[in-house]
Amino acid sequence: MGLIADVLSFLFGSNRNIVRETVEIFRENSEKGAERDLGLQQQAMVQFRDEFKAQQKSLFDRFIDGLNRLPRPAMALGTLGLFVAAMVDPLWFAARMQGIALVPEPLWWLLGVIVSFYFGARHQAKMQDLQREISATMRRTPDVMDNLHAINLMRSDAIGSADPGPDVALAERASRPDRNPALNDWRLSRRA
């Protein structure tokens, strides 16, 4: 019994646990890891609090922040304004577009670079997504056209839509009124 006690006290005695220490070489102690993660998260939150603490901004800083927020809404509203202008005065719009057609291609490239750098990679990713969506839509166009043609053939106001064709039995049934007992009863009740 003394030998077992000596081995157990060697492994687990004097506030040591050799098994735990050995396992921690291969696997992190989840409780201590959680404590470290909590400390790291608390430090990050303190840093964020200090960084974004409500600071009194000068009038110049607020003005510059406002200027930085203007280009996107200005471009969006300007584009919508072009659509309105095209509908209100098409000749005026066409004259302006003819002027834009005279802009040399390198200037368009420069504008594209400026806009791309200003809006960053998000603009590029959105344009690629848009091109993929447009190509997918273009691939679906023949199916849509076939569906529209089939829908137009189903219209009841089209000439010949009730034509039974070469089916004589169908033509004969179409010329006879339907036998509807409920409708006959209703007609009899109306006569009485």
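Full extension of the chain between residue 176 and residue 154 gives 5.6 nm of extra length, using 0.36 nm per residue less the Cα-Cα distance. The residue list 147, 110, 42 was ranked by how far each Cα lies along the charge dipole of the chain toward its positive end, using unit charges on Cβ atoms, and 147 comes out on top. The charge dipole of the chain, taken about its Cα centre with unit charges on the Cβ of Lys, Arg, Asp and Glu (plus for the first two, minus for the last two), comes to roughly 660 debye. For the chain, a Kirkwood radius taken over Cα pairs fed into Stokes-Einstein (37 °C, viscosity 0.692 mPa s) yields D = 113 µm²/s. Under the simplified labelling scheme, the residue 75-residue 50 pair shows an inter-label distance of 3.7 nm, with each label point 7 Å from Cα along Cα→Cβ. Each helix, a run of at least 4 DSSP H residues, gives -39500 (n - 2.57); summed and divided by the residues of the chain, these come to -25500 deg cm²/dmol at 222 nm.
Annotation: aspartates and glutamates with alpha-carbon distance below 16 angstrom to residue 53 (same-chain offsets under eight excluded): 61. With Cα atoms as the point set, the range 104-150 shows a radius of gyration and Dmax of 16.5, 48 Å.
Restrict the search to the range 84-144; then list the chymotrypsin sites (Phe, Trp or Tyr not before Pro) that DSSP places in a loop and that have at most 12 other Cβ atoms within 10 Å of their Cβ.
Values: sites: 92, 93, 108, 109, 117, 118, 119; in loops: none.
Hits after loop and neighbour filter: nothing returned.
Straight Cα distances below 15 angstrom link residue 32 to the aspartates and glutamates 21, 24, with same-chain residues fewer than 8 positions distant left out.
Bear in mind that the values in this text are calculations on the coordinates, not laboratory data. Quick caveat: nothing in here was measured; it's all calculated off a predicted structure. Reconstructed Cβ throughout: ideal geometry from the backbone, glycine too, with neighbour counts over all protein chains shown.
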